[in-house]
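What follows is a single structure, written as structure tokens, with notes after it.
The values are calculated or read from the model by the stated rules, or taken from the named source; none is laboratory data. Quick caveat, the model's predicted, so the values are computed rather than measured. Cβ placement follows ideal geometry from the backbone for every residue including glycine, while neighbour counts extend to all protein chains displayed. Just so you know, the surface numbers come from the protein's heavy atoms only, side chains and all, with ligands and any DNA or RNA stripped out. Shrake-Rupley method; radii C 1.70, N 1.55, O 1.52, S 1.80 Å.
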Amino acid sequence: MAKLLDIVEGWTGELGPFTLKADGTAVDLTGMTVELVLKDRSGTAVTTTGDTRVHGTPTTGQVYYQPDAADMTSAASPYSVHWKVTDGSGYVVFFPNSAADTIVVFKP
């Protein structure tokens, strides 16, 4: 589990880019659906629907997340992060494909 970043509670600015890689190479996200699987320290899922996007050039493997003000609080920190990628056939892979990355939230 790697610490992805630190933010302050209430942050609503876009976070990223985060580059999804397989074997050290950026994953081509053309035609893929990307979702953020974000969970608080108790394992409760945070709704991120509509808050993620793939970079304008999907071949870069870059993704972004724009949190809502109430998405992450210091009381429920740290948060675990996985990116769920689904291809056109419905096959799913996760990045990272091991322990989740983390986001730590601090009070302002």
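Modelled spin labels at K39 and T57, positioned 7 Å past Cα toward Cβ, are 3.5 nm from each other. Note on K21: aspartates and glutamates with a C-alpha under 19 Å away, same-chain residues under 8 apart excluded, are E35, D87, D101. For the chain, the Cβ-based charge dipole about the Cα centre amounts to some 180 debye (Lys, Arg positive; Asp, Glu negative; other atoms uncharged). Label positions at V92 and A26, each projected 7 Å from the Cα along the C-beta direction, are separated by 2.7 nm. Taking the protein heavy atoms of the chain in the context of the full set of protein chains, the accessible area attributed to carbon and sulfur is 53 percent at 1.4 Å. The residues of the range 44-108 expose on average 52 square angstrom of accessible surface per residue, using a 1.4 Å probe on protein heavy atoms.
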